[in-house]
Every structure is written in C-alpha cells, then in structure tokens.
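So the structure is just underneath, and the comments pick up after that.
Values quoted throughout were computed directly from the atomic coordinates according to the rules given, and no laboratory measurement underlies them. Just so you know, these numbers come straight off a predicted model, no measurement behind them.
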Amino acid sequence: MRTSAVSRGVAALFAGVALAGSVVGCSSVVDGNARTEGAGSPTNGERSVKYNPCTDLSADALRAIKVDPASKDTVTDPPSGPAAWRICQWSSTEGPYLVSVASSTHAQEEVRTNETVTDFQPITIGARSGLTYRDKKDPDKLRCYVSFPSEDGMFNVVVGWRYSERKSMTQAPPCDLAVTHAKGIEPFLPK
C-alpha cells in the first residue's frame, strides 16, 4: 500500500493550483489514498485536458524513468466527462518514493500565483522552460514539483518521499529526483 500522506499532498497541491485557476474540488480518502472529486472536472465552460498520463504513458516510458508500471495509483482521472487535471503516480524502482505525472489545461504561469507553493526555481526540461517548487505545507520538504508547458496547458512531475524514509532524502533530494524524472519523461509527452 502506498503512503497516503504523499497522495494527499499531491492531490492537495493540484487542487490548490486548480483553485488558483477558479476550479473548485473536494477530496476524500479511499483505501488510505486521496481522491479529488471535482478538481479534475472543469466548470464554466473550461476546456478538457487531452493527454492522460494514466492511460497514455506506455509501460516502456514508465520503465525509462525507473518506475514500476504495475504500481500505478490514480490520484485524479474522472471516468467520464471533461477534466482539467489527470494525475497518476507510480512507485520508483530506485528508492522509497513515488513519482506522479499530471497533465492539466492550466497554464504554467498559474503556478506562480498559487499561494500554497514556494521556492520557485527555473529549470529547462528538454527544450521547455520549467519550474521547480514545493508546497508550503510540507515542512519536511518530502515533495518537489516540476512543471513545464504543453500545448494544452502544462505537465507536472512530482517526487514524494515516503515519510518513513525521509532520512534517505540526504542521498537524493526530492527536487533533484523530480528534475531527473521530468527530463526522462519529457520526450514521451506531447509538445
């Protein structure tokens, strides 16, 4: 079973970005994992994300970034209707952490207006201008987020260490890992 705190943190941050973009969502916990209800569904005529990392990433792409394809956990992926966010996560084969990939209709610029995130650092992911940042409500700095633009909005790659393994972060800080995973998955994602 995956660490529910990581799932809740990922869902909460994405819900915060969605709120910055005027999309309201509610969350619940099912089997110890956070589920966002509504944050993936656009309102007021908002457009729907086209690329779905939960179904469109191949097993080869996932193995290329050293995650276990069989460990997929859906954070938010409404089964029908439009969605502003689609997010899935996988267990790393390299350490005790999770890697999430998200696709959104929201623009990367919206991240900077989200008051729940901090520590913005510019980064280049492939040929795309990206940002790393973290959640202000993550005092242990267990998670790091990387966003970069897509034709539809943006992609996010998140690394979240399991709380029980936080001492291991000294060998591989979350932002270093998030950037590595983002650079690895970027060639598999649409422009």
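From the cross-link list 136/191; 137/183; 50/183; 50/141; 66/191; 66/137, which pairs have alpha carbons spaced over 24 Å apart?
136/191; 137/183; 50/141; 66/137
Per residue of the range 125-136, what does 6.51 cos²θ - 1.76 cosθ + 1.60 with θ = phi - 60° give for ³J(HN,Hα)? Whole Hz please, x for Gly and Pro, Karplus curve as stated.
Using θ = phi - 60°, the values come out as 10, x, 9, 9, 7, x, 9, 10, 6, 9, 7, 4 Hz.
Which of rounded, prolate, oblate describes the range 59-191, given a ≥ b ≥ c as roots of the alpha-carbon gyration tensor eigenvalues and a/c under 1.5 marking rounded, otherwise prolate only if a/b is larger than b/c?
Rounded.
Read phi for every residue in the range 92-103 and hand back ³J(HN,Hα) as whole Hz from Karplus 6.51 cos²θ - 1.76 cosθ + 1.60, θ = phi - 60°, with x for Gly and Pro.
6, 8, 9, x, x, 9, 10, 10, 10, 10, 10, 10
Could you work out how much longer the chain between residue 137 and residue 109 gets when fully extended? Use 0.36 nm per residue separation minus the Cα distance between them, nm to one decimal.
Additional length available on full extension: 8.0 nm.
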